[in-house]
Each structure stands twice: as C-alpha cells, then as structure tokens.
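**Q** My questions all concern the structure below.
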Amino acid sequence: MTFKEKSDFQILKLADAFYEAYPNPPFKEIMTKRQRAYDCLLLQTEKELLVCIPYRSHISHSNAYHFKNSARSRKFRSGLDYSKAVIIRNMEYISGEDDFPS
C-alpha cells in the first residue's frame with residue numbers, strides 16, 4: 001500500500017507490527033489500546049511521513065485539541081491528544097477500517 005492510496009480521509013489504527021517494533025516498555029507514552037483508532041494526518045514531504053494522533057474521550061491536560069461543540073465534548077474533555085502522537089514512515093505500521101475488531 002502506498003501513501004497515495006491512503007491520502008483520502010480515513011480512520012486508521014496502528015497495526016500489530018507497530019506495537020511489536022515499539023513495545024511498552026520502553027515506549028511508555030504510546031497508547032497501547034490496539035483497538036483504538038489513531039487519526040493519521042498525511043504530511044506531504046519528500047520523506048512521506050504520517051503523523052498519527054489518537055482521539056481520546058477524557059483528556060485532562062492542555063497538550064490536545066479539545067472538541068467544543070458536541071454533547072459528548074461538553075460532558076467529557078474529548079479531543080485529539082497530541083501527547084500520544086507518533087510519526088510513521090512504514091505503511092506496514094498502519095491498519096485500515098477493515099482491520100478493526102467488530
């Protein structure tokens with residue numbers, strides 16, 4: 001799979017291969033809930049990188065984009081958690097919507 005094939009908006013998650021390459025420990029800051037999606041933003045650079053930022057329901061710090069206008073965001077502090085962002089170069093580290101457990 002190439003970056004161009006993944007350039008549309010999609011909800012993606014980190015693949016098992018990513019967690020095997022970056023285990024906890026020592027990579028404690030990476031979220032370990034494998035069923036949780038990371039929102040992956042494609043950076044158009046000559047290096048072709050993906051910046052993966054997870055959606056979180058409860059964020060209690062300011063290193064995040066906090067959603068503001070939904071009922072859920074008013075009840076909880078949901079948003080995109082920048083403190084858990086990862087940078088991906090290897091597309092084998094990304095799984096698509098079809099790979100989510102049902």
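**Q** Set the Förster radius R0 to 30 Å, insert the Cβ-Cβ distance between residue 65 and residue 16 as r into 1/(1 + (r/R0)^6), and round the FRET efficiency to 0.05.
**A** So the FRET efficiency works out to roughly 0.65.
**Q** Highest mean first, what order results for 59-71, 14-26, 81-93 on Cβ atoms within 10 Å?
**A** Final packing ranking: 81-93, 14-26, 59-71.
**Q** Something else now. Distance check, please: which entries in 28/68; 33/84; 13/33; 13/84 exceed 20 angstrom between their Cα atoms?
**A** Table pairs above 20 Å Cα-Cα are 28/68.
Bear in mind these aren't lab numbers, they're just calculated from the coordinates by the rules spelled out. Bear in mind that the values here come from a model prediction, so they are computed numbers and not experimental data. Methodologically, a virtual Cβ is constructed for each residue, glycine included, from the backbone with ideal geometry; neighbour enumeration extends over all protein chains shown.
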